[in-house]
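This report concerns only the one structure given below.
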Amino acid sequence: MNWIAPDLARTDAPRIADERPMLQAWLDFHRDTLLLKCTGLDEKQLKRRSAEPSTLSLHGLVRHMTEVERGWFRLAAAAQPVPYVYCSEDNPDGDFDDTETADPATDFAALRREIELADAAVADLSLDHTFKHPRRPDLEYNLRWVYLHMIEEYARHNGHADLLRERIDGATGD
């Protein structure tokens, strides 16, 4: 049986809200946008690469954002000693490169779970909470920066997802 990426309802971010709820809502909007770009596609379509030599695919983007969520929220901001899911020192691009035999259903569930864990990991931290990322120990960040960076990261990759989706089946838009 061939898995199909499920449909989902996306909620618009509020136009008026306090800072933390506004940042969270925009991040959630962009998280959902990436998954929305994948709805209705089967495994083969999700694995389709943009153009050689790139390894960029919708499936790869989902795996990549799992790593980014984990890296910034859990590993860095919350200082949780968790390993990356798909990447390692020996395989730094495993999120994009190793989709050939990977199961999209498992990887989509991993992203949804990582989002839940990321949100829980920083729920009690102030936006002014500062830390260093293990991969960038010479720089200091605060949680506010991470929220803004994650919104930017998703927005950029959602643009990639637009182009990938259009190439797959001609779908464009939101």
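Does segment 47-59 contain any residue that is closer than 19 Å to Phe108 by Cβ, part of a helix (DSSP H, G or I) and free of Cβ contacts under 8 Å to residues at least 60 places away in the same chain?
For segment 47-59, residues closer than 19 Å to Phe108 by Cβ, part of a helix (DSSP H, G or I) and free of Cβ contacts under 8 Å to residues at least 60 places away in the same chain: present.
Assess whether Leu61 counts as being under 22 Å from Asp103 (Cα atoms), open to solvent by 30 Å² or more (accessible area, probe 1.4 Å), at pLDDT 95 or above and in contact with a His (Cβ under 7 Å, 6 or more places away or on another chain).
Numbers: under 22 Å from Asp103 (Cα atoms): yes; open to solvent by 30 Å² or more (accessible area, probe 1.4 Å): no; at pLDDT 95 or above: yes; in contact with a His (Cβ under 7 Å, 6 or more places away or on another chain): yes.
Judged against the criteria, Leu61 is not a match.
Does Pro104 satisfy being out of contact with any strand residue (DSSP E or B) (no Cβ under 8 Å at 6 or more places or on another chain) and open to solvent by 40 Å² or more (accessible area, probe 1.4 Å)? Explain how you work it out, then say what you get.
Details: out of contact with any strand residue (DSSP E or B) (no Cβ under 8 Å at 6 or more places or on another chain): yes; open to solvent by 40 Å² or more (accessible area, probe 1.4 Å): no.
Here the answer is no, as Pro104 does not meet what is asked.
Hey, any hits in segment 78-88 for a residue that's open to solvent by 60 Å² or more (accessible area, probe 1.4 Å), under 29 Å from Glu166 (Cα atoms) and more than 13 Å from the chain's Cα centre (by Cα)?
no
For segment 36-54, give me each residue that is in contact with a helix residue (DSSP H, G or I) (Cβ under 7 Å, 6 or more places away or on another chain) and at pLDDT 95 or above. Lay out the reasoning, then the answer.
Let us first name the residues in segment 36-54 that are in contact with a helix residue (DSSP H, G or I) (Cβ under 7 Å, 6 or more places away or on another chain), namely 37-38, 41, 43, 45-48, 50.
Answer for segment 36-54, where residues must be in contact with a helix residue (DSSP H, G or I) (Cβ under 7 Å, 6 or more places away or on another chain) and at pLDDT 95 or above: Lys37, Cys38, Leu41, Glu43, Gln45, Leu46, Lys47, Arg48.
The values are calculated or read from the model by the stated rules, or taken from the named source; none is laboratory data. Nothing here was measured: the structure is a model prediction, and the numbers come from that model. Using ideal geometry, Cβ is built from the backbone for each residue, glycine included, and neighbour counts are taken over all protein chains shown. Note: areas computed on protein heavy atoms with side chains; ligands, DNA, RNA excluded. Shrake-Rupley method; radii C 1.70, N 1.55, O 1.52, S 1.80 Å.
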